[in-house]
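Student: Let me begin by handing over the structure; questions about it come next.
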Amino acid sequence: EGTIRFKDVEFHYDADRPILKGVDFDVPAGKTIAIVGPSGAGKSTISRLLFRFYDVTGGAVEIDGQDVRDVTQESVRHAIGMVPQDTVLFNDTIAYNIGYGRPDASDDEVREAARMAQIHDFIENLPQGYQSEVGERGLKLSGGEKQRVAIARTILKAPPILILDEATSALDTHTEREIQSALDQVSKNRTTLVIAHRLSTVVNADQIIVLEAGEIAERGTHSELLAND
Ligand code: ADP
Ligand code: ADP
């Protein structure tokens, strides 16, 4: 479960300006694909089409062999978890922020997800900038800690498909390394689409696509792409 297929996908936001031109790839269940390319190449657009925020203007996007236009948007979004570049937190405890996508989750399940993402020490705290009714001040979370909240949320949601959108780009090198191991954990055995600027951040992807101006310029493994340079 979690197979992704882009079949000759064409897409434009404005009819006079094509954004994706014949983008074609397959991701088998449990494998990782990385989409690498410069800003504006169309990388985020690919994740928006997968989420069905927009529909393709040519070709098709399929999940598990089914055209995403033939299933409800809600079920598409349930199948996909996302760790965005910048996580915005709700005005509530870290535990609430981890569990909000799974109202049925027990406290123990929330704690276990927090432990796996290594933020369990302060899940009863509020994020900074928020104030509780009793006047307690919020805890300042670093960019890396906010990422961990998003990772814990995704661990708890356990979707078959995971999108990591430049998930470590806003972090310093040390934090990036720490987060990477949490991300490796959550993407293990799960179909994963990684969006990144640099080839160096996607060494372990099963398949890498280099996107330039909406077209696949190159594809291969990390070592194959390095050999071509
Ligand atoms: P990337 O993720 O590779 O930086 P995007 O997929 O975000 O690229 O954007 C690809 C192109 O589509 C860019 O030129 C961008 O300006 C344009 N674009 C993105 N979103 C919209 C939108 N909502 N309306 C019109 N153009 C957009
Ligand atoms: P659910 O369907 O589980 O109740 P949502 O529909 O709120 O959750 O979101 C489904 C997934 O889509 C979540 O992993 C969330 O992070 C992601 N998501 C929601 N809104 C956006 C957005 N505007 N851009 C990118 N990802 C989003």
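The values are calculated or read from the model by the stated rules, or taken from the named source; none is laboratory data. Owing to the predicted nature of the structure, the values given are computational and were not obtained by experimental measurement. Because the Cβ atoms are built from the backbone with ideal geometry, glycine has one as well, and the counts that use them run over all protein chains shown. Protein only, heavy atoms only, side chains kept; ligands, DNA and RNA dropped before computing areas. Shrake-Rupley method; radii C 1.70, N 1.55, O 1.52, S 1.80 Å.
Student: Taking the residues in region 22-49 that are basic (Lys, Arg) and buried (at least 17 other Cβ atoms within 10 Å of the Cβ) as candidates, determine which candidate is nearest to the chain's Cα centre (by Cα).
Tutor: So in region 22-49, the residues basic (Lys, Arg) come out as 31, 43, 48.
Now drop any that are not buried (at least 17 other Cβ atoms within 10 Å of the Cβ), which leaves 31, 43.
On the way: Lys31: 14, Lys43: 12 Å.
If we take residues in region 22-49 being basic (Lys, Arg) and buried (at least 17 other Cβ atoms within 10 Å of the Cβ), then Lys43 is nearest to the chain's Cα centre (by Cα).
Student: From the set of residues in region 151-167 that are of a type in the set (D, E, K, R) and within 16 Å of ligand 1 (Cβ to nearest atom), which is modelled with the lowest pLDDT?
Tutor: Residues of region 151-167 that are of a type in the set (D, E, K, R), as a first pass: 153, 157, 165-166.
Remaining after also requiring within 16 Å of ligand 1 (Cβ to nearest atom): 165-166.
Values: Asp165: 86, Glu166: 78.
Residue satisfying both the conditions and the ranking: Glu166.
Student: Can I ask one more? Please determine, by comparing only the residues of region 168-179 that are of a type in the set (A, V, I, L, M) and open to solvent by 10 Å² or more (accessible area, probe 1.4 Å), which one is modelled with the highest pLDDT.
Tutor: Leu171
Student: Evaluate the following for Gln118: is it within 16 Å of ligand 1 (Cβ to nearest atom) and assigned to a loop (DSSP other than H, G, I, E, B)?
Tutor: Taking the combined requirement at face value, the residue does not satisfy it.
Student: Can you name the residue in region 180-229 that is at pLDDT 90 or above, of a type in the set (Asp, Glu) and away from ligand 1 (no atom under 16 Å from the Cβ) and, of all such residues, is least open to solvent (accessible area, probe 1.4 Å)?
Tutor: My answer is Asp206.
Student: Scan region 96-124 for residues that are within 16 Å of Gly143 (Cα to Cα) and in contact with a strand residue (DSSP E or B) (Cβ under 9 Å, 6 or more places away or on another chain) and jot them down.
Tutor: Residues satisfying the conditions are Asn97, Phe122.
Student: Hey, another quick one. Go through region 47-73 and give me each residue that's without any contact (Cβ under 8 Å) to a residue 40 or more places away in the chain and part of a helix (DSSP H, G or I).
Tutor: Across region 47-73, the qualifying residues are Arg48, Val68, Arg69, Asp70, Gln73.
Student: Can you name the number of the only condition in (1) away from ligand 1 (no atom under 16 Å from the Cβ); (2) open to solvent by 20 Å² or more (accessible area, probe 1.4 Å); (3) modelled with pLDDT of 85 or more that Ile98 fails?
Tutor: Of (1) away from ligand 1 (no atom under 16 Å from the Cβ); (2) open to solvent by 20 Å² or more (accessible area, probe 1.4 Å); (3) modelled with pLDDT of 85 or more, only one is false for Ile98: (2).
Student: Which one of Lys43, Lys31, Lys21 is closer than 16 Å to Gly214 by Cα, more than 16 Å from ligand 2 (Cβ to nearest atom), of a type outside the set (A, V, I, L, M) and touching a residue at least 40 places away in the same chain (Cβ under 8 Å)?
Tutor: Lys21
Student: Filter region 142-163 down to the residues that are open to solvent by less than 10 Å² (accessible area, probe 1.4 Å) and aliphatic (A, V, I, L, M) and list them by number. Spell out how you get there, then give the answer.
Tutor: Here is the first cut: in region 142-163, the residues open to solvent by less than 10 Å² (accessible area, probe 1.4 Å) are 144, 147, 149-152, 154, 159, 161-163.
Listed by number, the residues that qualify are Val149, Ala150, Ile151, Ala152, Ile161, Leu162, Ile163.
Student: Here is a follow-up. Within region 1-18, count every residue that is within 15 Å of ligand 1 (Cβ to nearest atom) and either in contact with a Lys or Arg (Cβ under 6 Å, 6 or more places away or on another chain) or under 24 Å from Ile161 (Cα atoms) (or both). Step through it out loud before you land on a result.
Tutor: Initial filter on region 1-18 (within 15 Å of ligand 1 (Cβ to nearest atom)): 6, 9-18.
Still in the list and also either in contact with a Lys or Arg (Cβ under 6 Å, 6 or more places away or on another chain) or under 24 Å from Ile161 (Cα atoms) (or both): 6, 9-11.
Residues that pass the stated criteria total 4.
Student: What number of residues within region 50-80 satisfy the criterion of being loosely packed, with under 14 Cβ neighbours inside 10 Å, farther than 18 Å from Val27 by Cα and away from ligand 2 (no atom under 12 Å from the Cβ)?
Tutor: Of the residues in that region, 3 qualify.
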